[in-house]
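To start, the structure under review is shown below, and the notes come after it.
The values are calculated or read from the model by the stated rules, or taken from the named source; none is laboratory data. Since we're looking at a predicted model, the values are computed, not measured. Cβ placement follows ideal geometry from the backbone for every residue including glycine, while neighbour counts extend to all protein chains displayed. Just the protein is used for accessible areas: all its heavy atoms, side chains included, with ligands, DNA and RNA removed. Shrake-Rupley method; radii C 1.70, N 1.55, O 1.52, S 1.80 Å.
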Amino acid sequence: MHIVDGALAPEVLIGGGVLAVAGLGLGLRKLPIDKIPATGVLSATFFVASLIHVPVGPSSVHLIMSGLAGLVLGWTAFPALFVGLLLQAVFFGFGGLTVLGVNTVNIALPAVLIGLTFRGLVTRSSPTTAAIWGGIAGASSIAVTTVFVAISLGLSGEGFVAAAKLVFFAHIPIMIIEGLISAAAIYLICKVKPELMRASDSAYDRAYDDAPYPMTTGQTAQVTPATSEANNG
Amino acid sequence: MSHLFGHDQPLGVQASGGTAPSFVGSFDPRVRVATAGLFAVMVVALHQVEFAFGAFLLALGTVFLTDLPLRLTLKRMAAMDGFIIVMLVMLPFTTPGTPMFSLLGADASKEGLMHAVLIGVRANAVVLMMLSLLSGLSPVALGHTLYRLKCPAALVHLMMFTVRYISVLHDEYHRLRMAMKLRGFRARNTFHTYRSIGYLFGMLLVRSLERAERVLEAMKCRGFSGHFPMIDHLEFKVRDGMLAVGFGVMIGALVLLDRMYVFAY
């Protein structure tokens, strides 16, 4: 899923970079300072997901769980997944610096779009129905990501079209497995801690407002109500 | 891999903690991050295999000015090559052009082969230069550096939290996995495996959110005022400026020669 430096056309790199900056800007606007710990810890959880390997046939693949990230984090999934990709690129050499924008858009944009589409369905349903919707969300975010990867490759040269098709078909088993695992994870979350699905808006504002004493300076206290309004609207 | 983030260890120097920084490590991190970015952008703009190879040699030379263990670095680079090898092998057969040889009825074109080699060399040059320029830089130091380079504070804080909790949550994952193992779980190609891994990851999410709640309360308890102090002293010296200018001239010349070479054809 990682595209490396040097493969894509400059136009695609620049386009991806611009889209990534726009998405990061939007995501960071929904991220007041008191939600950074929760988002950071969840971002670390999704990084750990990429270290979990599950068997597929004779081989194994690592989890991506971008659909779940979108469901749990909403727009803040964009900066959260960006941070994961940045750390992977800088410290492990996976992916690259110039393709960071393209890779972020390819993984985070489907996550956010799928998350926003399915979140209402998941939070309102019974655990079993929610699991089905969660599974569809998990599988389709991988599907959209592979389509995005195929588009970025296809736009960079005719020679890549075959590789782009291969990327899509090679990922079909991964889509199925991500769907199954996301469904199980959503089922568990709905049973154990349903407010996790609303973590990126209501649960945290409430936890913050219920605090008996004003804990922060005026500066952050002003930021919180404004942003919670933006999230509700 | 998450052990790299444990205890704030810089990459590749776990064994030699406390020793003087390497030649590359003695420069201001801001200059190193900026030059790594510049190098990546410039190398991606190279069109000729010869000059891309020159950039690769430049990166390889830089590795010897760091204290990176050579074998580990090359292994990491090979891991990246594993990602792209399929695409590179396919490229000669899918690019139209002068046929060179044929395999199983498919013609490999010269243009396609050159393109594949170019991509491979550029990708390796960028990764090698990045690993060596940022060697010895801990994730936290990288966060501070990005903050000083005017990255949005929220993004930097998010990164610092992520870095801090990756190793914690990876340990948590191993604890849960150990509990599963004790109950006789083995990962196979079964529905049961996927459901169990799903429950495992769901539980990891639940626990991490509860951890985040405790973290936020602990921060409030200690009077968190909405910003984090950046406790480091970065000094921009003359030699940092010289490195930046020298590096810029060198890579600029490489790109310029690359473009002139096109016209000379």
(request) Could you tell me whether any residue of the range B:106-116 is of a type in the set (A, V, I, L, M, F, W, C), open to solvent by less than 10 Å² (accessible area, probe 1.4 Å), over 30 Å from A:Pro55 (Cβ atoms) and more than 10 Å from every other protein chain (Cβ to nearest Cβ)? (result) yes
(message) Looking only at helices (runs of 4 or more DSSP H) that lie completely in the range B:15-126, which have at least 3 residues being farther than 21 Å from A:Ala89 by Cα?
(response) B:49-63, B:70-94
(request) Scan B:Met159, B:Met130 and give me the residue that is facing chain A (nearest Cβ under 7 Å) and touching a Gly at 6+ places or on another chain (Cβ under 6 Å). (result) B:Met159
(request) Kindly indicate whether any position in the range B:202-219 is assigned to a helix (DSSP H, G or I), open to solvent by 80 Å² or more (accessible area, probe 1.4 Å) and more than 29 Å from B:Pro152 (Cα to Cα). (result) no
(message) Can you confirm whether A:Val41 is at the interface with chain B (Cβ under 7 Å from one of its Cβ atoms), closer than 30 Å to B:Ser167 by Cβ and modelled with pLDDT under 85?
(response) no
(message) Looking at the range A:47-69, I want the residues that are at positive phi and have a partner that is open to solvent by 30 Å² or more (accessible area, probe 1.4 Å) and among the aromatic types (Phe, Trp, Tyr) with Cβ atoms under 9 Å, at least 6 apart or on another chain. Which pairs are those?
(response) none
(request) Answer with yes or no whether A:Val18 is aliphatic (A, V, I, L, M) and crowded, with 20+ Cβ neighbours inside 10 Å. (result) no
(request) Can you tell me which residue within the range B:140-154, out of those that are buried (at least 22 other Cβ atoms within 10 Å of the Cβ) and in contact with a helix residue (DSSP H, G or I) (Cβ under 6 Å, 6 or more places away or on another chain), is nearest to A:Ala49 (Cα to Cα)? (result) B:Gly143
(message) Condition first: more than 9 Å from chain A (Cβ to nearest Cβ), under 30 Å from B:Leu216 (Cβ atoms) and not small (Gly, Ala, Ser). Now tell me which residues in the range B:169-194 satisfy that.
(response) B:Asp171, B:His174, B:Arg175, B:Leu176, B:Met178, B:Met180
(message) If a residue must be more than 7 Å from chain B (Cβ to nearest Cβ), among the small types (Gly, Ala, Ser) and part of a helix (DSSP H, G or I), how many such residues does the range A:44-68 contain?
(response) 2
(request) For B:Leu234, indicate whether it is in contact with a helix residue (DSSP H, G or I) (Cβ under 8 Å, 6 or more places away or on another chain) and more than 13 Å from chain A (Cβ to nearest Cβ). (result) yes
(request) Go through the range A:133-233 and tell me which helices (runs of 4 or more DSSP H), entirely inside it, have 1 or more residues that are modelled with pLDDT of 50 or more. (result) A:161-170, A:172-192
(message) Among the residues that make up the range B:239-262, is at least one of them of a type in the set (Ser, Thr, Tyr) and either open to solvent by less than 60 Å² (accessible area, probe 1.4 Å) or at pLDDT 95 or above (or both)?
(response) no
(message) From the list B:Ile197, B:Ile166, exactly one residue is facing chain A (nearest Cβ under 7 Å), under 18 Å from the mean Cα position of the chain (by Cα) and more than 27 Å from B:Phe23 (Cα to Cα). Which is it?
(response) B:Ile166
(request) Working only within the range B:117-127, note down all residues that are facing another protein chain (nearest Cβ under 7 Å) and not small (Gly, Ala, Ser). (result) B:Ile119, B:Arg122, B:Val126, B:Val127
